[in-house]
Every structure is written in C-alpha cells, then in structure tokens.
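Student: Provided herewith is a single structure, encoded as structure tokens, for subsequent inquiry.
The values are calculated or read from the model by the stated rules, or taken from the named source; none is laboratory data. It should be emphasised that the depicted structure is a prediction, and the values quoted were computed from it without experimental measurement. For neighbour counting, all protein chains shown are included, and Cβ atoms are generated from backbone atoms with ideal geometry for every residue, glycine included. The accessibility values were calculated without ligands, DNA or RNA, using every heavy atom of the protein model including side chains. Shrake-Rupley method; radii C 1.70, N 1.55, O 1.52, S 1.80 Å.
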Amino acid sequence: MIKLVDLSKSYSSGKVAALKNINAHIKPGEFVSIVGQSGSGKTTLVRLIIAEEKPDSGQIIIGGWDITGIKDREIPTLRRQLGVIFQDFKLLPKKTVFENVAFAMETCGFSNKEIKKTVPQMISLVGLKGKEDRYSHQLSGGEKQRVAIARSLVHKPKLLIADEPTGNLDSINTREIIDLLKKINNLGTTVVLVTHNKDVVNSLRSRVITLDSGQIISDQEEGRYLL
Amino acid sequence: MISFFRIIKFALQGVFRNFWLSVVTITMMIMAVLSVTILVAMDYVKEATIASVKNKVDILVELRFNAGSDEVEGLVIELERLTEVKSVRVITPQENLEIFRQRNQDSQISRALDIYDEEENPFSYSLAIGAYDLSQYPQILEFLNQEKYSGLVQVSEFDSHEEFIERINSIAEFVNRYSLYLALIFIAISVIVIFNTIRISIYTRRDEIMIMKLVGAGNSFVRLPFVLESVFYALAAVLLVAAAVYPLVSLLQPVLNNYFQDYSAIDLRNYFIGNLLEIFFYQFIALALINTLSTSVAIRRYLRI
Ligand SMILES: Nc1ncnc2c1ncn2[C@@H]1O[C@H](COP(=O)(O)OP(=O)(O)O)[C@@H](O)[C@H]1O
Ligand SMILES: [Mg+2]
C-alpha cells in the first residue's frame, strides 16, 4: 500500500533535515503506528504521503502509483484515494455534521443522490446517528474527530492516515477513536496512525515504526512504545 | 453539470458573504462603466451634431443689390472652380422674397414689406455654397473676401455655424478628455479593488479551500468560483448602469434639446435604446476580462494549490 524508498526531506533549503533515508513497506490491510517525539519527522512523513510536500530524494509509491514527482493536477486524484485526519479536526464551524461531510462530496463532484445516500452511511459508521444537524460547537472533541473521520471516508479510501488524531482528546474519547480506527481497519482499510500516546500504542498490539530525529530507529510487528 | 451549479453557488456565496465589500467593489465598477458610457454618449452627441450641421449648413452669401445676373453667374463659375466647393446654389431675389414671406408669415416682421410696392423687391441675389468639409469654409470665405469681389459681396454668413461647431467640438473634447481620465482612473481603481476583494474572499474561505484540497476537489473547482465571483461583479455593475441609463438620459434629453435648439437631431434616448445591447455587452466583456485577469493574479498569489 505504501512503499518508501530512501526517502529524505529537509526544510529551509537543507538547513533542517526532517527525514533521513526512510525505508518502509506498509502492506494492504495493516494497522501501523508511527511514533516518535515531537519534531522527529512524523508529520513530515504524512505530508509527503499526501503530496503536500515533495521529497528531496527517494521514492514514494502509494497503491502502486509512484507519486514522487506527482504533478499538481494529479494531486486531487491521489487525495481521493486516501483519507486524512488531524489533531485539530479541521471542521467548518458554520456547517452541521451532515453538511461538513456532504461538503467534501459536493466539492468532488458527487451527485446529490450519491451524497444523500453516502453521508448518512458514513455518519452512522462513526456512531453519530441522530447528531447530523449539530454544529461543531455542539459536539465533544471525540465527536468532532468522528465527523472528520466520516468526511475522510466518503471516497471509500483504501488508506486512512491519522496524524495525532487523539492529541486533543481525553483518555475515554481517545479510546473510542482508536476503537473506531480499528473498526475501519477491520473493514479493510489500511490505517497509518501517527501518535505519541504510549498507552494507545501498547494496547494496539500491532506494527510500530519509531522515528527519532528523522530516522527509523525501530520497526516491529506487534511492537511496543520504546521511548 | 452538477459541478457547474455548485461553482456558481460557491461564487454567489463569495459575493454575499462579504456583502459590504461587494457593494464597494460593484460601486467602483459602476463608476468605471459610467465614465465609459459617458465617453460613448459624448461621441455620439458630437458625431450627430456635426453630421446634422454638415447637412444643413452652407455659406450663405448675400450679394449686393446692384449685382446683376451676369456678374452672379461669373462669380458662380469662379466659385465652382475652387476645389473646396462642392455646390453653389443661386437664390434669386424672387426666391429670397418668398423665403422671407414664408418664414415670417405670422409675425410682425412681415409688415416690413408693406413699405414696398407689389413689384418692388428689397432682396438681392444670394448664394448658398456647400463645401466638402466644414474646415474648408474659412478658405472659401477668404476667397469671397478678396478686394475684387467687394463690389459684389455684401455679407457672408458663416460665423454662427463655425461658432456652433467649435462649441460642440470644445464641449466634446472637454467631456471626452475628462471622462477618459475618469474612466482610466476608475478602471485602475477597479482592478485594485477586485484584486483586493478576491484576496479577501480567498482569505475568508481559506478553511474551506484547505478542506477542498484535502479531500481532493479538482483545481478548477477550487479556482473557478473566484473567477466567477469577479465576473458577477462586472455583470452587476454593467446591469445596474444599463438599468439607470434610460432615466438618466430622459433627464438629460430636455437639456440637450434646449441647448442645441434647432439641432434636435440629437436623440440620446433613442441612441441608447437602439444600441443598448451593444454598448453594454462590450463593456461587460471588457470588464469581465479585466476582472478575470486581476483575479487570476490574486489566485496565483494567494491561493496555493
Ligand atoms: N514547514 C517547515 N519549515 C521548516 N521546518 C519545518 C517545517 N515543518 C517541520 N519542520 C521541522 O522539521 C522537523 C520535523 O517536524 P515534524 O515533521 O512536524 O515533526 P513531528 O510531526 O514528529 O513533531 C522539525 O525539526 C521541525 O521543526
Ligand atoms: Mg506532528
């Protein structure tokens, strides 16, 4: 699903080396946690995978598509094949739960019929049935993240990338969101979870890739939080 | 198709979300359209006036009373030889008398004739000279004012027309110059204002844009609403001016009629009604193009895709 070959990326024209010679292969259906301290390059890796940044050297292959030198006009095609969620949810405050999810489909040219069919499906998948008409200020942090997850799933992506999705949540909400991600993974979607929550990683009992100063220092099946 | 409607929806949202900014934007464009429209109108007034004057006016030369038909014919031949002269028409004393009678049928002035006998005619020969071009009248006058014709030519009338045309030209020139400056200034202001409006519109929607890109909206779907928004501003401005032009011109027409008196060939109202579509369609196209260009620059600068 994701193949990273000798990937390097630096910011400010070479002064800050964010990633150095990353090699990894994430297979379809996996649930992979990427851990590391703040500043270790986790978000940079996410930005490279969703083509928000271009690598300095190396190769990124997503679902068999080499996106290393992806053209601007091809980026939408890539983004429609993956879902992304973030720590800060990125919801539109003036839209309801339903509208937030529908907005993603509207801007991607789905028909009204498809929108009417898919949005409720996604909302009930993330467990927000009955809260379609709420605005984000009427939702808890966990519920907001569920809306973001519902939105990221409208393309029925094969790959879901979550960059510290529980960073703003208490432990109960964190648990629920992780359970939801596991459920989505069980439905067949590859999940890449970026986190530095030790309890989460240890309870997952799945593959853990640990980054330190832009390098992979460990990559273990059924790994534990090392740092 | 569905995307097309959504792009329109997004563009309209952009217009109404920053409502007062949109009002200012449209106002600036109205000023630009208005000044260009004044330019167009003034050009019409000028052309129409000069055309009507050209058709009507000859140099009217009143010959001396003692001028006989031979001398008159001699002068006609010499005049016709001039390259500037298009036509010379001889008006006999009899014709002049009739014209005078007709013109003053009902007024006291016709009484002036009462002091003459029936057979007596106080009028002399006169000549109506047409030139190819208005500007040639002075040369023809100069020719007539030569010493050798002083015994023949009494009065040559021309000044009033020359004055009139000069008046039209200077008014037209004055209005044209200032409305051209105004148009240029307002167009420049419009370009800056539209740029800024779109910049703010992009800023207002930055969260939406970020999400659109994140979920894979096409680049044109992200950009086009802004271009369309700027075209809407152009359309609104042109439509508003087009709607206001009839009442405005109706107000102006009596003033024109009053000012130009005999030259009622100037019918601004009809001109605008007849050319409404053309005048404003081209202005819309031009303004839409300008806005699109300005918006493209704003998009390139502020909308990172
Ligand atoms: N846009 C940027 N410009 C310059 N340096 C950056 C930028 N983004 C991140 N960095 C630097 O790159 C390194 C990795 O950052 P990041 O990938 O955000 O780490 P993490 O997500 O693991 O906290 C850090 O040293 C950070 O300061
Ligand atoms: Mg980060």
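Student: Among the numbered criteria (1) out of contact with any His (no Cβ under 9 Å at 6 or more places or on another chain); (2) away from ligand 2 (no atom under 16 Å from the Cβ), which single criterion is violated by residue A:47?
Tutor: Result: residue A:47 fails condition (2) only.
Student: What pairs come out if I take residues in region B:167-195 that are within 12 Å of residue B:31 (Cα to Cα) and pair them with residues that are modelled with pLDDT under 85 whose C-beta lies under 8 Å away, six or more apart or interchain?
Tutor: Every condition considered, the pairs that remain are B:179/B:42.
Student: Sticking with this structure for a sec: Quick check on region A:60-71. Is at least one of its residues farther than 28 Å from residue A:180 by Cβ, away from ligand 2 (no atom under 16 Å from the Cβ) and in a helix (DSSP H, G or I)?
Tutor: No, every residue in region A:60-71 fails to be farther than 28 Å from residue A:180 by Cβ, away from ligand 2 (no atom under 16 Å from the Cβ) and in a helix (DSSP H, G or I).
Student: Additional query: Inspect all residues belonging to region A:52-61 and state whether any of them is hydrophobic (A, V, I, L, M, F, W, C) and either more than 16 Å from ligand 1 (Cβ to nearest atom) or farther than 21 Å from residue A:206 by Cβ (or both).
Tutor: Yes: one or more hits.
Student: Quick one: would you say residue A:51 is open to solvent by less than 50 Å² (accessible area, probe 1.4 Å), at pLDDT 95 or above and not in a strand (DSSP E or B)?
Tutor: The answer is yes for residue A:51.
Student: How many residues does region B:183-204 contain that are of a type outside the set (Val, Ile, Thr), over 34 Å from the mean Cα position of the chain (by Cα) and open to solvent by less than 50 Å² (accessible area, probe 1.4 Å)?
Tutor: The qualifying residues number 1.
Student: In addition: Name the pairs: first residue in region A:9-33 and of a type outside the set (Ser, Thr, Tyr) and within 16 Å of ligand 2 (Cβ to nearest atom), second residue in a loop (DSSP other than H, G, I, E, B) and open to solvent by 80 Å² or more (accessible area, probe 1.4 Å), Cβ to Cβ under 6 Å, at least 6 apart or on different chains?
Tutor: Qualifying pairs under 6 Å: A:9/A:56.
Student: Which number in (1) at pLDDT 95 or above; (2) in contact with a Ser or Thr (Cβ under 7 Å, 6 or more places away or on another chain) marks the one condition that residue A:109 misses?
Tutor: Here residue A:109 clears every test but (1).
Student: Related question: Failed condition for residue A:73, given (1) modelled with pLDDT of 95 or more; (2) within 13 Å of chain B (Cβ to nearest Cβ), with all others met?
Tutor: (1)
Student: Looking only at region A:143-159, count how many residues are away from chain B (no Cβ under 14 Å) and within 28 Å of residue A:2 (Cα to Cα). Outline the logic, then answer.
Tutor: Restricting attention to region A:143-159, the residues satisfying the condition of being away from chain B (no Cβ under 14 Å) are A:143, A:145-146.
Next cut, within 28 Å of residue A:2 (Cα to Cα) only: A:145-146.
Adding up the residues that qualify gives 2.
Student: Output the residue which, of all residues in region B:1-26 that are within 34 Å of the chain's Cα centre (by Cα) and free of Cβ contacts under 8 Å to residues at least 24 places away in the same chain, is surrounded by the most Cβ atoms within 10 Å (Cβ to Cβ).
Tutor: B:23
Student: Give me the residue from region A:38-54 that is within 14 Å of chain B (Cβ to nearest Cβ) and of a type in the set (Lys, Arg) and, out of that set, farthest from residue A:79 (Cα to Cα).
Tutor: Per the stated criteria, the residue is A:54.
Student: Give region B:87-132 a look and list any residue that's in contact with a strand residue (DSSP E or B) (Cβ under 7 Å, 6 or more places away or on another chain) and open to solvent by less than 40 Å² (accessible area, probe 1.4 Å), or say none.
Tutor: Let us first name the residues in region B:87-132 that are in contact with a strand residue (DSSP E or B) (Cβ under 7 Å, 6 or more places away or on another chain), namely B:87-91, B:96, B:124-132.
Selection gives B:88, B:91, B:96, B:124, B:126, B:127, B:128, B:129, B:130, B:131.
Student: May I pose another question? Can residue A:117 be described as within 16 Å of ligand 2 (Cβ to nearest atom) and either at the interface with another protein chain (Cβ under 10 Å from one of its Cβ atoms) or out of contact with any Cys (no Cβ under 9 Å at 6 or more places or on another chain) (or both)?
Tutor: no
Student: On to the next question. Please go through region A:124-166 and give me each residue that is under 14 Å from residue A:99 (Cα atoms) and in contact with a Lys or Arg (Cβ under 6 Å, 6 or more places away or on another chain), ordered by number.
Tutor: A:128, A:136 - these are the residues of region A:124-166 that are under 14 Å from residue A:99 (Cα atoms) and in contact with a Lys or Arg (Cβ under 6 Å, 6 or more places away or on another chain).
Student: Hey, another quick one. For residues that are loosely packed, with under 14 Cβ neighbours inside 10 Å and basic (Lys, Arg), scanning just region A:14-48, find the one that is nearest to ligand 1 (Cβ to nearest atom).
Tutor: Within region A:14-48, the match that is nearest to ligand 1 (Cβ to nearest atom) is A:15.
Student: Also: Give just the number: which of (1) within 16 Å of ligand 2 (Cβ to nearest atom); (2) farther than 18 Å from residue A:45 by Cβ; (3) outside any loop (DSSP other than H, G, I, E, B) does residue A:193 not satisfy?
Tutor: Status for residue A:193: all satisfied but (2).
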